[in-house]
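Just below is one structure, and these are the notes that go with it.
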Amino acid sequence: MCSGALREGKARVRLWFPFGGFGGNIPGNNQAMPHATFSQSVYKLALVIAMLPVSFGCMRAALAQGVAPGWLKPPTPGGEATLEADQQRVVGHTYYADGHVDLRYENARLRADHMEYDEDAQVAIAQGHVQLDYMTQRVEADDARYELRTGRGTFHNVSATFAMQRRPQPTLLVSPNPLYFQAKEAERLDANTYKIHHAWLTVCKPNRPVWKFYAPEATVRLQESVHLENGNFRVFSIPVIYLPYATFPAEKERNSGFLFPDLGNSSIKGYILGDGFYWAPEDWVDLTARADYFTDRGWSQHGQLRMKPWENARLETDYFGVEDRGLEQPTGPKINQGGHEEHLLFTALLPDGWRAVADLDQLSSLTFRLAWSETFTQAVNSEVRNTAFLTNNFRGFSVNFAAQSYQNYLSATSNTTPQTSITLRSAPEARISSVDQSPFPNLPFYFSFEGFVDAVNRGENVTPFHMPTFAPRSELAPSVMAPLHVGPWLSVTPSFTLRTTYYGGQMHSGTYVDDGFFRVTEEVSADIRFPVIERVWGNGDTRWKHTIEPYAVYSYVSGVNDFGRFVRFDEDETLTDTNEFEYGVMQRLFRRSGSERSEEFVTWRIAEKYFLDPTFGGALAPGQRNVFQTLDSLTPFAFADEPRNLSPIVSDVTVEPGKRYDTQFIVNYDPERNRLTAIGALLKLKPYRESFLTLADFSVVNLPVNPIPIPANFEQRSNQVRALVGYGDLTRPGWNVTFGASYDFTRGQFQNQIAEVSYNGKCCGLGVEYRKFSFGTIRNENQYAIVFRIANLGSAGNLRRQEKIF
């Protein structure tokens with residue numbers, strides 16, 4: 001006997017097996033028959049055996065009518081498939097289910113109003129409110145054919161969402177929204193690949209998307225890419241760009257293809273139209289090549305190659321060039337400002353602690369950089385540096401092999417004069433040095449040394465000086481130091497260095513002579529640290545500590561002799577004889593909150609030097625700007641144009657309260673001239689959330705103070721200020737604004753102005769920018785830029801880089 005029923009809601013089947021027999025111990029029956037005979041037991045066993053076929057028949061009928069859940073034949077060994085519905089029936093090996101049908105297998109879940117499932121082929125035919133959920137995928141359709149074993153399927157009238165994760169990048173707007181598409185038909189080729197027909201895609205809200213891609217054919221590869229064929233890009237359902245073939249990354253992978261075009265406008269370049277191609281053949285290398293056409297000037301080329309050939313190695317190369325038709329002039333011919341610049345950076349960590357670096361730059365002219373750089377900071381940089389070195393540090397020693405080049409442009413090309421520059425080269429070069437080490441554990445003596453061997457060259461077109469070839473140069477400088485403590489309140493650290501340098505050539509009456517010589521100098525110094533005055537106070541968890549640290553340093557150098565014979569290659573040739581005292585006070589303010597480490601909140605140094613030898617052994621040349629090692633060590637602003645005993649008094653204040661503020665303020669007061677000779681301020685503030693303010697101001701009295709005769713275009717004072725204030729950044733959601741300017745108080749004019757406003761939503765953003773460059777006759781440009789940012793994909797427009805001061 002069996003019992004089963006179909007009810008409203010989920011079907012339930014109850015199976016009853018009468019193992020207790022009639023009148024026997026049946027579950028739920030408390031009566032018993034203790035006097036059963038052997039014949040009765042045999043009768044019960046026979047009855048049970050006879051009822052088994054009936055019981056199994058009832059079980060199969062119950063499964064055919066509906067069990068929640070029902071266990072199906074798994075598509076793969078060890079798998080598990082279940083079918084749940086309001087009503088079920090089976091005919092042969094085909095299951096028919098209606099009402100809230102729910103088919104589950106591993107990570108896949110298929111739901112529908114009606115479903116037919118072939119147990120042998122493991123194929124489900126679903127109709128009505130079909131929904132497939134797999135990992136981060138959700139597909140909804142009117143009907144579907146789905147294979148459990150392979151995960152392949154076909155869906156009609158489809159809408160789907162796929163979750164994506166993109167790594168944040170400085171110029172990429174990242175959205176948490178999933179990728180959404182609608183299509184007439186979608187073929188699921190495998191667990192991560194969909195072929196969709198007559199579809200549109202977006203990451204905006206599907207009910208009112210700001211933008212979307214439409215394509216008759218598209219392929220979606222999750223965690224890889226989306227490919228479109230004969231599609232177009234639409235903004236508010238209006239076609240904007242036709243895309244015969246397009247591809248963009250769907251998550252972490254990079255895809256080759258053409259980039260979004262760029263549009264812009266400039267007062268001297270005209271309308272700007274550009275596009276580029278991105279190629280990523282492997283996961284460790286990519287190449288970007290782009291070109292821009294300027295309707296009034298010509299066209300430019302830009303290429304970037306990035307590689308990670310092996311672990312802990314990186315290679316980046318950049319090329320930017322312009323084929324210029326010339327800048328229009330009020331009178332006379334056009335000025336060709338075209339040129340090129342290349343940059344290469346290679347870094348690698350090698351076995352046994354070696355590190356290799358190559359940082360190379362090549363610039364055709366300063367005029368090119370001034371005329372075509374995207375930002376003010378790049379444009380006003382007049383230096384070109386090239387460095388390649390191999391270094392290793394071990395047990396307190398450092399070994400370096402290098403080749404270096406430094407070029408500084410002093411002027412740009414004009415209608416009447418060529419550009420001027422100075423180039424310094426050192427190649428090859430080998431250096432070795434050690435930190436202070438004590439070979440005698442019981443004696444307070446520490447030894448160190450430094451030495452190098454190189455070949456140097458200097459080239460320039462400022463003066464008639466000419467150096468036809470590289471000259472050898474070598475140096476060895478051993479040092480000894482003996483720290484002494486006079487009680488707990490005074491410490492004196494004397495040191496002695498014997499520096500021997502060989503030069504393969506020298507200056508004679510302004511002409512280079514290939515005549516080598518040695519320079520042997522004795523350098524003595526004594527660093528005196530006086531008792532520190534300090535005070536600690538505070539309330540609660542916050543404690544403050546103020547220290548006053550007076551100090552004095554005596555320095556004596558002799559043996560340089562005849563300073564004018566040295567060809568200036570680097571700071572080594574600015575060593576002079578000197579006999580001087582430096583004295584000052586260092587004040588520090590520390591703050592500590594709770595159990596955190598104390599931080600140096602404010603640092604204030606006041607220092608001055610007294611020169612017992614005001615001419616530095618005859619090295620100082622009156623009436624011109626003199627730069628020596630001993631002067632640079634006190635202040636970065638030059639002050640010596642005549643013999644003097646006193647240096648300016650230098651006040652240098654640094655305020656760094658955590659990560660929200662970074663301020664430095666330096667003032668030079670010259671007691672001999674009774675005036676301020678230099679003022680410098682650097683300020684970085686983040687006072688409120690995403691707001692920021694950066695400021696740089698330098699006011700300097702140029703040397704010489706009383707030039708005779710006065711050079712052409714000589715300005716006695718330089719005073720320039722740069723400021724940048726704003727809220728947010730390029731890819732932050734919401735409103736973002738930036739305003740900045742560079743102003744020359746001496747000339748009373750702006751050198752650069754910038755205003756940028758953008759708004760970024762969850763799926764796209766729009767930004768506009770105005771920039772003005774004023775570089776005399778070389779560049780006086782008003783530039784307008786616009787960008788449309790597409791979340792998780794990229795941007796269309798020529799606003800690509802945010803202005804910075806530091």
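The values are calculated or read from the model by the stated rules, or taken from the named source; none is laboratory data. Remember, it's a predicted structure, so these values are computed and weren't measured experimentally. Here the Cβ positions follow ideal geometry from the backbone for every residue, glycine too, while neighbour counts run over all protein chains shown. These accessible areas exclude ligands, DNA and RNA; they are computed on the full protein's heavy atoms, side chains included. Shrake-Rupley method; radii C 1.70, N 1.55, O 1.52, S 1.80 Å.
Computed values, structure above
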| item | result |
| --- | --- |
| Test: residue in the stretch 690-709 that is open to solvent by 30 Å² or more (accessible area, probe 1.4 Å), within 15 Å of D641 (Cβ to Cβ), among the aliphatic types (A, V, I, L, M) and not in a strand (DSSP E or B) | yes |
| From Y271, Y278, residue being closer than 30 Å to S373 by Cβ, within 24 Å of the chain's Cα centre (by Cα) and open to solvent by 30 Å² or more (accessible area, probe 1.4 Å) | Y278 |
| Residue within the stretch 784-792 that is within 30 Å of F639 (Cβ to Cβ), buried (at least 17 other Cβ atoms within 10 Å of the Cβ), basic (K, R) and touching a residue at least 60 places away in the same chain (Cβ under 8 Å) present | no |
| Unmet criterion (only one of (1) without any contact (Cβ under 8 Å) to a residue 24 or more places away in the chain; (2) open to solvent by 70 Å² or more (accessible area, probe 1.4 Å); (3) more than 30 Å from R732 (Cα to Cα); (4) out of contact with any Ser or Thr (no Cβ under 7 Å at 6 or more places or on another chain)) for H114 | (2) |
| Residue ID - nearest to N674 (Cα to Cα), chosen from residues in the stretch 621-636 that are open to solvent by 30 Å² or more (accessible area, probe 1.4 Å) and either among the polar types (S, T, N, Q) or modelled with pLDDT of 95 or more (or both) | Q624 |
| Residue match in the stretch 154-168 (condition: surrounded by fewer than 17 Cβ atoms within 10 Å (Cβ to Cβ), free of Cβ contacts under 8 Å to residues at least 24 places away in the same chain and under 24 Å from R111 (Cβ atoms)) | no |
| Those residues of the stretch 470-491 which are surrounded by 15 or more Cβ atoms within 10 Å (Cβ to Cβ) and aliphatic (A, V, I, L, M), in sequence order | A471, L476, A477, V480, M481 |
| Complete set of residues in the stretch 307-336 that are within 17 Å of R355 (Cα to Cα) and either touching a Cys at 6+ places or on another chain (Cβ under 7 Å) or in a loop (DSSP other than H, G, I, E, B) (or both) | K308, P309, W310, E311, N312 |
| Which numbered condition T247 fails, given (1) within 24 Å of the chain's Cα centre (by Cα); (2) modelled with pLDDT under 80 | (1) |
| Pairs where the first residue, in the stretch 471-490, is under 15 Å from R529 (Cα atoms) and the second is hydrophobic (A, V, I, L, M, F, W, C), C-beta under 7 Å, 6+ apart | A482/F445; L484/V492; V486/V492; L490/F530 |
| Flag if T367 is open to solvent by less than 40 Å² (accessible area, probe 1.4 Å), over 25 Å from I805 (Cα atoms) and not in a loop (DSSP other than H, G, I, E, B) | no |
| Tally of residues being open to solvent by less than 60 Å² (accessible area, probe 1.4 Å), closer than 22 Å to F581 by Cα and at pLDDT below 95 across the stretch 516-546 | 1 |
| Residue within the stretch 210-220 that is at pLDDT 90 or above, assigned to a loop (DSSP other than H, G, I, E, B) and either open to solvent by 10 Å² or more (accessible area, probe 1.4 Å) or more than 18 Å from N792 (Cβ to Cβ) (or both) present | yes |
| Filter result for E185 (open to solvent by 20 Å² or more (accessible area, probe 1.4 Å), more than 40 Å from the chain's Cα centre (by Cα) and more than 30 Å from I241 (Cα to Cα)) | no |
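Yes/no per residue for (1) of a type in the set (D, E); (2) under 27 Å from P550 (Cβ atoms):
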| position | (1), (2) |
| --- | --- |
| L443 | no, no |
| G459 | no, no |
| E475 | yes, no |
| V480 | no, yes |
| V492 | no, yes |
| T497 | no, yes |
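Table: residues versus (1) of a type in the set (A, V, I, L, M, F, W, C); (2) under 27 Å from S555 (Cβ atoms); (3) outside any strand (DSSP E or B); (4) open to solvent by 60 Å² or more (accessible area, probe 1.4 Å).
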| site | (1), (2), (3), (4) |
| --- | --- |
| P643 | no, yes, yes, yes |
| V650 | yes, yes, no, no |
| P657 | no, no, yes, no |
| Q664 | no, yes, no, yes |
| V667 | yes, yes, no, no |
| L676 | yes, yes, no, yes |
| A681 | yes, no, no, no |
| Y688 | no, no, yes, yes |
